[in-house]
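The values are calculated or read from the model by the stated rules, or taken from the named source; none is laboratory data. Being a predicted model, the structure only gives us computed values, none of them experimental. Here the Cβ positions follow ideal geometry from the backbone for every residue, glycine too, while neighbour counts run over all protein chains shown.
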Amino acid sequence: MPRRRHGDAGQAFPIYITVVGGLLFLAFAYLAVGQAAANRNGAQTAADAAALAAAQDGRERMVDLWVENVLDPAEWRDIFAGDLIGLEESCWRAEELAADNDAGVLSCGADGTLGVTVEVQTDKTVGESIVPGTENDRSRATATAVIEPRCTFELPVGEAGDDELPPLNCEGGEEWSLDPEDLEVLPDPEDLFDVHLAD
């Protein structure tokens, strides 16, 4: 009888080793999947930040142009439509934000008139894992940010005098009545335009 119990234990040992080995393999496989997912998430974060930064820079330039032409309402419509700027000129901000998030910009350009699309690639690789060929892989991600005017206005019919500027009717019921004789207080960029990631 004692010899039989010893034989059973000997047979169970290889099964135990196999089970433990399988569990270890699964653990390393899950770790590899987690590494890849973290790398992809990092790429998407960098792409989102880069696209938003470029769009925000574009918004700043649109507002600067509006301030320069605030006494000429005839120019407002083209400014608010984004027709007078090129969002490609704001891609330098995308490159800065991508670098801050350990990524590099692969491409950056206007997406329509008031949108900018950025594609990035992570600087860091997925790293070594049990999955062959992943040690040099870098994740890529794309994001698009858009600028949306928050205010509307009605241009005067006929010739407008220097003492007339159309009021800005903005989201939330806010109205800006502009006095040509007192332009020290003007709307902030976020009052005039919203910047957000495209759906």
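Based on what the data block shows, is Val20 more than 23 Å from Arg140 (Cβ to Cβ), modelled with pLDDT under 65, assigned to a helix (DSSP H, G or I) and of a type in the set (A, V, I, L, M, F, W, C)? Answer is yes for this residue.
Based on what the data block shows, is Asp57 in contact (Cβ under 8 Å) with a residue 24 or more places away in the chain and part of a loop (DSSP other than H, G, I, E, B)? Against the criterion (in contact (Cβ under 8 Å) with a residue 24 or more places away in the chain and part of a loop (DSSP other than H, G, I, E, B)), Asp57 does not qualify. Please work out which residue is modelled with the lowest pLDDT, limiting yourself to segment 138-162 and to residues that are part of a loop (DSSP other than H, G, I, E, B) and within 22 Å of the chain's Cα centre (by Cα). The residue in question is Arg138.
For segment 173-187, the set of residues classified as touching a residue at least 12 places away in the same chain (Cβ under 8 Å) and either at positive phi or of a type in the set (D, E, K, R) (or both) consists of Glu174, Asp179, Glu181, listed by residue number. Only one entry in Leu106, Leu65, Leu97, Leu87 is surrounded by 22 or more Cβ atoms within 10 Å (Cβ to Cβ) and modelled with pLDDT of 90 or more, namely Leu97. Residues of segment 68-79 that are farther than 27 Å from Leu97 by Cβ and surrounded by fewer than 16 Cβ atoms within 10 Å (Cβ to Cβ): Asn69, Leu71, Asp72, Ala74, Glu75, Arg77, Asp78.
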